[in-house]
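Encoded as structure tokens, the structure appears first; notes follow it.
The values are calculated or read from the model by the stated rules, or taken from the named source; none is laboratory data. Just so you know, these numbers come straight off a predicted model, no measurement behind them. Don't worry about glycine lacking a Cβ; one is built from the backbone with ideal geometry, like all the others, and counts go over all protein chains shown. These accessible areas exclude ligands, DNA and RNA; they are computed on the full protein's heavy atoms, side chains included. Shrake-Rupley method; radii C 1.70, N 1.55, O 1.52, S 1.80 Å.
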Amino acid sequence: MTSRPSIEVLKKTMRIPQAAFGVVVMVIIVFSAIFAPWITSADPEEMDFDNLLQGFSEEHILGSDQMGRDTLARLLYGARVALMVSLGAVGLGVIIGVPLGLVSVYCRGYIDDIIMRVMDALVVFPSLLIAVGLAAAMGGSLPTVIIAIGIANIPWMARIIRSQGLTIREQDFVAAAEAGGMSHFRIIFKHILPNSIAPVIVQSTLSMGYAVLTEAALGFIGVGIQPPTPTWGNMLLQAYPMLDQQPLLSIVPGLAIFLLVLAFNFVGDALRDVLDPRLKGVIH
Amino acid sequence: MLQYMIRRLLQIVPVLLIVTLMVFALMLAIPGDPARALVGPGEALDEEQLEIIRKEFNLDKPVLVQYGIWLSKVVRGDFGRSSQYQRPVLDELRTRAWVTLQFGIAAWVLAVVIAVPAGIISAVYRGRALDYIATLISIGGVAIPNFWFGIMAILVFGVYLGWLPAQGYVNIFEDPIEGLRHMILPVFALGITSCALIMRQTRSAMLEVLAQDYVRTARAKGMSEPVVIGVHALRNALLPVVTVFGLQTGRIFAGAVVIETVFGIPGMGNFMVLAIFARDFMVVQGGVLIMALAVLSANLLTDLIYAWLDPRIRYND
């Protein structure tokens, strides 16, 4: 794979206005997460008891919470968690799901059956449910959250690879390669894998948005990453009792989640339209 | 059809076994001594007592044997005892599952009732203002965290306007009016994502169907537009909507865990979250299993409805 087609895809994608908006939002959020200490001098865990529950103000641009902690700083450091979780969880789903799908396509027969039944079983568990179960067993932490959401991503990746593989296997060029004496193993890596990359990329982008939502939900019910580490979800949890006193505290992190998820969805949808319009029904 | 049903039911047996195995495996994820975790916190136990518990829960046996014993108990409805209430887990979950089910069904109905007409209107008036509004709502509905939507709804309708209660649950069969008032906000919050997805699905399915030859024929025969859309197009456009059903059951159950926490609804989801903090492991395990089984049944039901609606499925599988 040369870089040429990927640049072409990028150009086409960026011409879709929603995708351009999505990429800009993603870039802004990634940069603010990385350069958080340079953007704000405030410490996300430092309490300022002279300025509790502030609205927009000079000391705290986006206000402060009931312990006087700076909302902007917490938001920026929370972005790190959101990005780490979405990358980690989707990465885990790809790393385990893609090889499983390939093995399924390659081996066919009862191995394919076993793998697919396990995937069928995994689909039954929404990521939040896995996370609740794991949190009960292991306690809430960054690895628990990533593993829980990652596990939920595995079956979707495996299924996509498998269905792509099954279609591609029927194509003439694969038959030609087989007739030419190419081993099954090489066929998988030379033909099936490269041809399956596009839907995996699309699904990954959309799954990242879903991972952000799940992480936030876990944080909100208190079984995600534990305070004092700020996450958008646990910020919302701590803001909730203050809803009638300082609604800004609840509004800001929610908007951040909404924007990031929107960005992932926009880019994912655009990539799907550019890479393969036929995928519309396949990917959820 | 009967043959297809039997085949589908047989297929589900291995999946069911794997699902129970996964739920059982949660116990293996507990770090440290599971015997301690199973009796709950706050119990100072000496080695002798721990040994009794290990015997009781069969923790001294090989893992697969443990699974077998556990499974045979689960099949008989014995999900273990809640360490915080000292009562059978299933009894505790049963009453709360009913609450969750009420909200889940209401959210599902609400989503369909709004989404299907909105999706049709969106497709019929493609490219006009109504379509843009509907599309905007469906895009936003997928990206918004449902619990945050709930919080914002509480802020507007509960805190500022004071129209609706922000918290709590009233049994709708004892006090229908108060019960309904308490249901409105959580049901909207629970249903919003599904509503957005179904709207999108209906719109694109409808657009596809409207471009088909038989729709053109119907129009050419001089049928009125409402008949063409309502009778001819809609039936086929609803097919893909059915497939969303299975997927949405999981979403609504998972949503209930969070939404019940936001609104203080004493349902199964809320109960499970509280059980995590009480380190009441058996309750969480039982809850996860029940929810997974519910999703599995919904998926099966979806497949069967789909095959019934579209006979081609029965032969292609």
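Other residues with beta-carbon under 11 Å from the beta-carbon of B:Ile139 carry, at +1 per Lys or Arg and -1 per Asp or Glu, a net charge of 0. Over chain A, accessible surface divided per residue gives 44 Å², non-protein components excluded, 1.4 Å probe. Within the listed set A:Leu260, A:Leu248, A:Leu206, the residue fluctuating most in the Gaussian network model of chain A (springs between alpha-carbon atoms under 10 angstrom) is A:Leu248. Candidate cross-link partners of A:Lys12 among the aspartates and glutamates, defined by an alpha-carbon separation under 15 Å and a same-chain spacing of 8 or more, comprise A:Asp269, A:Asp273, A:Asp276. Rolling a 1.4 Å probe over the protein heavy atoms of the protein assembly as shown, with every protein chain left in place, gives an accessible area that is 66 percent carbon and sulfur. Computed from protein heavy atoms with a 1.4 Å probe, the total accessible area buried between B and A is close to 3800 Å². Contact order for the range B:132-209, expressed relative to its length and based on alpha carbon pairs under 8 Å spaced 6+ residues apart, stands at 40 percent. The alpha carbon gyration tensor of the protein assembly as shown gives principal lengths a ≥ b ≥ c with a/c below 1.5, which makes the shape rounded.
What is the distance in Å between the Cα centres of the range B:74-134 and the range B:1-70? Cα centres, the range B:74-134 to the range B:1-70: 28 Å. Quick one: go through the range A:58-82 and flag any residue whose amide nitrogen is under 14 Å from the point 7 Å out along the Cα-to-Cβ line of A:Ser41. What the label zone holds, given the 14 Å backbone N cut-off, is A:59-61. Among residues other than B:Leu16 with Cβ under 13 Å from its Cβ, the summed charge is +1 (Lys and Arg +1, Asp and Glu -1). Once the partner protein chains are put back, the range A:220-239 shows a loss of at least 50 square angstrom of accessible area, versus the chain by itself, at A:Phe220, A:Ile221 (probe 1.4 Å, ligands and nucleic acids excluded). When chain A is treated as a Gaussian network with alpha carbon springs shorter than 10 Å, the biggest mean-square fluctuation among A:Ser183, A:Ser196, A:Ser204 belongs to A:Ser183.
Computed with a 1.4 Å probe over protein heavy atoms only, the accessible surface of the range B:126-209 comes to 48 Å² per residue. Whole-percent P(r), the range B:52-117, all Cα pairs, 10 Å bins from 0: 17, 30, 23, 16, 10, 3, 0.
3J(HN,Hα) along the range B:244-252, derived from phi through the Karplus expression 6.51 cos²θ - 1.76 cosθ + 1.60 where θ = phi - 60°, amounts to 5, 3, x, 4, 6, 4, x, 5, 5 Hz, with x in place of Gly and Pro.
Of A:Trp232, A:Trp38, A:Trp156, the residue with the greatest mean-square motion in the GNM of chain A, using alpha carbon springs below 10 Å, is A:Trp38. If you filter the range A:100-206 for trypsin sites (Lys or Arg not before Pro), then keep DSSP loop positions with at most 14 other Cβ within 10 Å, what is left? Within the range A:100-206, the qualifying trypsin sites (Lys or Arg not before Pro) (loop, at most 14 other Cβ atoms within 10 Å) are A:Arg108. The alpha carbon convex hull volume per residue for the range B:101-278 rounds to 133 Å³.
Longest span of chain B, sites excluded, free of chymotrypsin sites (Phe, Trp or Tyr not before Pro) in DSSP loop with at most 12 other C-beta atoms within 10 Å? The longest uninterrupted stretch comes out as B:1-162.
Which GluC sites (Glu not before Pro) does the range B:71-178 hold that lie in a coil by DSSP with at most 15 other beta carbons within 10 Å? Counting only loop positions with at most 15 other Cβ atoms within 10 Å, the GluC sites (Glu not before Pro) in the range B:71-178 are B:Glu174.
Rounded if a/c is under 1.5, else prolate if a/b beats b/c, else oblate: with a ≥ b ≥ c from the C-alpha gyration tensor eigenvalues square-rooted, which is chain B? Taking the square roots of the gyration eigenvalues as a ≥ b ≥ c, chain B is oblate.
In the range B:144-167, burial by the other protein chains removes 40 Å² or more of accessible area from B:Pro145, B:Phe147, B:Trp148, B:Ile151, B:Leu155, compared with the chain on its own (1.4 Å probe, ligands and nucleic acids ignored).
Taking GluC sites (Glu not before Pro) that fall in a DSSP loop and have at most 15 other Cβ atoms within 10 Å as cut points, what is the longest piece of chain A between them? That gives A:171-284 as the longest site-free run. The GluC sites (Glu not before Pro) of the range B:12-67 that meet both conditions, a loop assignment by DSSP and at most 12 other Cβ atoms within 10 Å of the site Cβ, are B:Glu43. Listed by chain and number, the lysines whose C-alpha is less than 22 Å from the C-alpha of B:Lys73, apart from same-chain residues fewer than 8 away, are B:Lys55, B:Lys61.
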